[in-house]
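Input: a single structure, listed below in structure tokens.
The values are calculated or read from the model by the stated rules, or taken from the named source; none is laboratory data. If you're wondering where the values come from, they're calculated on a predicted model, not measured in any experiment. Reconstructed Cβ throughout: ideal geometry from the backbone, glycine too, with neighbour counts over all protein chains shown. When the accessible area is computed, the model is the full protein with side chains, heavy atoms only, and any ligands, DNA or RNA have been set aside. Shrake-Rupley method; radii C 1.70, N 1.55, O 1.52, S 1.80 Å.
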Amino acid sequence: MSTRTPRRNRPHEIVERALELSRADGCVVIADEHSSANLRWAGNALTTNGVTRGRTVTVVATVDGGRGTASGVVSRSAVTAEDLEPLVRAAEAAARDAGPAEDAQPLVGGEKVSADFTEAPAETSPEVFAAFAPALGESFRQTRAGGRELYGFAHHGIVSSYLGNSAGLRLRHDQPTGTLELNAKSAGTGAAGPRSAWTGRATRDFTDVDPRELDDELARRLGWAERRIELPAGRYDTLLPPTAVADLLVYQMWSSGARDAAEGRTVFSRPADGNGPAGPGAGTRVGERLCELPLTLRSDPSAAGLECAPFVLAHSSGDDASVFDNGLPLAATEWLREGVLHRLPTTRHSAALTGLPVAPGIDNLLLEGGGSRSLDEMVAAAGHDGPTLLLTCLWYIREVDPATLLLTGLTRDGVYLVEQGEVVGEVNNFRFNESPVDLLSRAVEAGRTERTLPREWGDYFTRAAMPALRVPDFNMSSVSRGV
Amino acid sequence: MPAPHAVDETFLALPLHALADAALARARALGADHADFRLERIRSASWRLRDARTSGTSDTTDLGYAVRVVHGGAWGFASGVDLTMDAAARVASQAVAMAKLSAKVIRAAGSDERVELADEPAHPDRTWVSSYEINPFDVADADKSGLLAEWSARLLAAEGVAHADAALLTVQENKFYADSAGTSTTQQRVRLHPQLTAVAVDPASGDFDSMRTLAPPVGCGWEYLTDGRYDWDGELARLPEHLAEKMRAPGVEAGTYDLVVDPSNLWLTIHESIGHATELDRALGYEAAYAGTSFATFDQLGKLAYGSEIMNVTGDRTAEHGLATIGYDDEGVAAQSWDLIKDGTLVGYQLDRRIAQLTGFARSNGCAYADSPGHVPVQRMANVSLQPAADGPSTEDLISGVERGIYLVGDRSWSIDMQRYNFQFTQQRAYAIRNGRLAGQLREVAYQATTTDFWGSMTAVGGPQTYVLGGAFNCGKAQPGQVAAVSHGCPSALFEGVNVLNTTQEAGR
């Protein structure tokens, strides 16, 4: 592909040219080269598909004034060298029009240059499915023979981001992201009724996923569902699998911004007359023990298999991101250290406001510090003192009350009843009302941490490693007839 | 109504027809049975303020095109960004290659399914522009952030308001579509969504809450903020009082209540429990692994008792200022209006051309939409609206007939299951109703129901004077994920015997 890219249109040259054109006091340029391929299927047949390739250039202009520094941010797709001048001028005009930016900070300097900054972007294509697509077709044939139907989606994308600023930074990051979701349905007979099972994987390159292996897992789960058991709403001893734990803790992560906490607006706020520190982090629960299990919740740009950008890439400013921080190095960060709230996400601006350390968001999340048991081993140890529910995943998670971070949502694609260490059948679905912060405090066991795909948030967040959690009193608020 | 605007001349200056001709010719030459070309330019800008100071802005333009083909009985889709005829032809070749790959997998699975499209008359050289007066992109950025700052300052000046958040989203969408049957449409629409939120914090107890403006997102221009069609001054003046009352309000006692639901809350319940449930692609299983399916299965068309006999719901892509309103959809189908639920019975679905052909409908009702040039069109929601009763009561009349109930205003939290049975919603404000009168706000209210039970419990719908067009910018569906803006009109309505939860008790406190 790079052979078709005229020299002056290579991404690093787009960045350099835009910086040369800048007449503002400061300038940040991000060129994102993105490519993707996807396959979607329903009822054992491919439905839609697509390949995309494109470029988006974001220009941040900063203009110093008597009342402070203003910023203007303009992004355009399909930018060539000819389009750059109007784009840079538009960002400058937006900055002049905007008034002082409250998150203004000096641009990140340091003359750092990534070794591959001038190299061509990484790119994906339908070839990424070369082995996967025929295997999927074979799975369709097998599932049809077995009376099952497969539904699902495979997506692979690569974004090569080139970041430059007027303080000398020249950084590059290539981010591959792949997801596979597989859902098997069976019409069912008699009392069993229709059944549905799900599994998903996050992958960097599709070399490590085999649809036939996943289909075997789904066939096992549909087998569990041959016996159907109706249970009422109530609080149940529950095994949350890694994907469910990830969905709950990703939302908690998104709700944990330091500034909102210090302003008294979140579950991580502490009343002024509380016993918390009066100095840095005042008004927040930083330093407070949130769970008895010695769990550590952390993000790390270099986590094996979950690698993500090791520097800030912010295309606009918001509550937990600042365009001024672009290029700031990201280091491994513990949000929860052995059960104690340790860090809340900050920009340089919100860190200064709250007195907390600078800790920008990172695009992966790991929960560690549990035991060594796999989910199967946790099942084998469950259901001896009464029934235990084993969930497949959670769905349609929405915030009900920010004060407790109460979330509602549904169980989906399989709630299984565990008795005496064995799955004995499938239970109806439920609507839950639960807070992840409370769940962490009530969890009595965490299993082995493993890579997982957060199903609910998989469109936005795919890099997670979580253990299963056992919660003795998970609140199933009502029964859902949905399958 | 003022004369419609012309399509943005910078869009018309793009080589629309030349690119379409190159792509469609290549697709035909490669044996495609159907081919369509869609070029889009979508500009989205946002402003966010915290406590009257700018905390973030964005201004993003997405320009590109896509070619979709039916070849060998299979779909193929590809998109590109290079505005040259060679590149457009290359993208058409890629789309055909994707169709061939797709056909190979279909054959490997032993399936004989073929993609066929319902007929649509050709609509050559059509132009359509949405109804607005002042394009928000013609208004200086400083005026936008200035107005939001001034409104934020009003909230901050009120007693009990600790923080004020403000946000404005504006979109201008330009689409050019041409297909191998001779349709060619050029369209432009504008939409915006202003929101202000007041936050109260009791520093001693740590108690906090917030309240947001009820002003819905609309397919209007900048005039929506300035010409008095929406009472911003009144709403901003009352918001701090409403919030202060909420902070003092008691928690609801969980139980069964009669609910009078204001249009500002009911639109979202309609969206989730009717809008998505009457998408035929969902009912047939095409969204089964992601957005889900529908309890309103196709075999129940004409039979399913969706709600009480006073329930009449329409789908349309024609309502003035509606967010799903357009002249022609992304398959070249002209905008229409039709019944979904008549006298409480399911009588219709939302369709695209392939689903219409598959299920024996003579024609699509024009619900194909792609949110960007890089995405394939899928069946997306029309404006789905509950019709008022011709001589129906006012909201006050509805309240006056309730002995023990709750009046719900404004949307907040929402969630529904994958077959659209079990839902739970909260609100901006909940008022106790005692003996036909409002008796102060309640906190911690959520209502939970099963769709057909809820609509079956609707015993009165308000008159046209209570009707409001609500809506959202952020409806999600499909994989890769796509967002769509959609409006829902509805009157106030009365529902008897609905389950109400106390959310603090739900949290185990």
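A crude spin-label estimate for the pair A:GLU217 and A:ARG96, with each label 7 Å from Cα along the Cβ direction, gives 5.7 nm. With all protein chains kept in place, the per residue accessible area of chain B amounts to 33 square angstrom at a probe of 1.4 angstrom.
Helix A:211-224 and the longest principal axis of the Cα set of chain A meet at an angle near 40°. Using heavy atoms of the protein chains and a probe of 1.4 Å, the accessible area assigned to A:ASP216 is about 100 Å².
Relative contact order for chain B: what percent, with Cα pairs under 8 Å and sequence separation of 6 or more?
Here the relative contact order equals 15 percent.
Could you tell me whether segment A:243-364 comes out rounded, prolate or oblate from its Cα gyration tensor? Rule is a ≥ b ≥ c as square roots of the eigenvalues, rounded for a/c under 1.5, then prolate if a/b exceeds b/c, otherwise oblate. It comes out oblate by the Cα gyration axes.
Net charge around B:ASN312, counting only other residues with Cβ within less than 15 Å of its Cβ (Lys, Arg = +1; Asp, Glu = -1)?
After counting each charged neighbour, the total is -4.
DSSP beta bridges fully contained in the protein assembly as shown are about 90 percent antiparallel. With both residues required to sit in chain B, DSSP beta bridges show an antiparallel share near 90%.
Accessible area buried by the pairing of A and B, both sides summed with a 1.4 Å probe, works out to roughly 7100 Å². The slack between B:GLU496 and B:ARG53, meaning 0.36 nm per residue of separation minus the straight C-alpha distance, is 155.0 nm.
Assign one of three labels to chain A, namely rounded, prolate or oblate, based on the Cα gyration tensor with a ≥ b ≥ c the square roots of its eigenvalues; rounded applies when a/c is under 1.5, prolate when it is not and a/b is larger than b/c, and oblate otherwise. Cα axes put chain A in the oblate bin. Rounded to the nearest 0.05, the FRET efficiency derived from the C-beta distance between B:GLN300 and B:ARG107 at R0 = 45 Å is 0.85.
Using a 10 Å cut-off on Cβ to Cβ distances, tally the other chain neighbours for every residue of B:195-207 and report the average as a whole number.
Partner-chain Cβ atoms within 10 Å, mean over residues of B:195-207: 3.
With a Förster radius of 51 Å applied to the C-beta separation of A:ARG67 and B:ARG114, the computed FRET efficiency comes to 0.20. The phi-based Karplus calculation (6.51 cos²θ - 1.76 cosθ + 1.60; θ = phi - 60°) puts the 3J(HN,Hα) values of segment B:234-240 at x, 5, 5, 5, 7, 4, x Hz, whole numbers, x for Gly and Pro. Net charge in the neighbourhood of B:SER415 (other residues with Cβ under 9 Å of its Cβ; Lys, Arg +1, Asp, Glu -1) is 0. Note that chain A presents 35 Å² accessible area per residue, ligands and nucleic acids not counted, probe 1.4 Å.
Between A:LEU306, A:ALA261, A:ALA246, whose Cα lies farthest towards the positive end of the dipole of segment A:245-323 when Lys and Arg beta carbons carry +1 and Asp and Glu beta carbons carry -1, centred on the Cα centre? Positive-most Cα among the choices belongs to A:ALA261. Taking every residue in A:475-483 and counting other chain Cβ atoms within 10 Å of its Cβ, the average works out to 6.
Hey, if you put +1 on the Cβ of every Lys and Arg and -1 on every Asp and Glu Cβ in segment B:74-218, which of B:SER93, B:ALA166, B:ALA78 ends up farthest toward the positive end of that dipole? So the residue we want is B:SER93.
Under a 5 Å amide H cut-off, with hydrogens placed 1.01 Å from N, A:VAL340 pairs with A:LEU290 among residues at least 5 apart or on other chains. Only the Cβ atoms of Lys and Arg (+1) and of Asp and Glu (-1) were treated as charged; on that basis the dipole of segment B:118-224 about its Cα centre amounts to roughly 120 debye. For segment B:322-348, there are no residues whose amide N sits under 11 Å from a probe point set 7 Å from the Cα of B:ALA389 along the beta carbon direction. About its Cα centre, segment B:222-339 has a charge dipole of approximately 320 debye under the convention of +1 per Lys or Arg Cβ and -1 per Asp or Glu Cβ, with nothing else charged.
At an R0 of 30 angstrom, the distance between the Cβ atoms of B:GLU320 and B:PHE361 translates into a FRET efficiency of 0.70. State the percentage of accessible surface on chain A attributable to carbon and sulfur atoms; use a 1.4 Å probe and exclude ligands, DNA and RNA. Carbon and sulfur together cover 49 percent of it.
Taken about its Cα centre, chain B carries a charge dipole of about 1040 debye when Lys and Arg each add +1 at the Cβ and Asp and Glu each add -1 at the Cβ.
Evaluate the relative contact order of chain A (contact order divided by residue number), counting alpha-carbon pairs under 8 angstrom at least 6 apart; express in whole percent.
15
Using a simple spin-label model with pseudo-atoms 7 Å out from Cα toward Cβ, B:ALA439 and A:ALA115 lie 7.5 nm apart. Put +1 on the Cβ of every Lys and Arg and -1 on every Asp and Glu Cβ in segment A:53-199; which of A:GLY54, A:PHE132, A:SER77 then has its Cα farthest towards the positive end of the dipole? Checking the options against the dipole of segment A:53-199, the answer is A:PHE132. Which of the three applies to segment B:78-200, rounded, prolate or oblate, going by the alpha-carbon gyration tensor with a ≥ b ≥ c and a/c under 1.5 meaning rounded? Here segment B:78-200 falls in the prolate category. With θ taken as phi - 60° and the Karplus curve 6.51 cos²θ - 1.76 cosθ + 1.60 applied, the whole-hertz 3J(HN,Hα) list for segment B:163-175 is 9, 10, 10, 9, 8, 9, 10, 10, 9, 10, 10, 10, 10 Hz, x standing for glycine and proline. Rounded to the nearest Hz, the phi-derived 3J(HN,Hα) couplings of segment B:247-254 under the Karplus curve 6.51 cos²θ - 1.76 cosθ + 1.60 (θ = phi - 60°) are 4, 8, 6, x, x, 6, 7, 4, where x marks glycine and proline.
Per-residue ellipticity at 222 nm from helix content only, as computed over chain A with -39500 (n - 2.57) for each DSSP H run of at least four residues, stands at -5500 deg cm²/dmol. Mean partner shielding of peptide A:130-140, defined as the number of other chain Cβ atoms within 10 Å of each residue Cβ, is 3.
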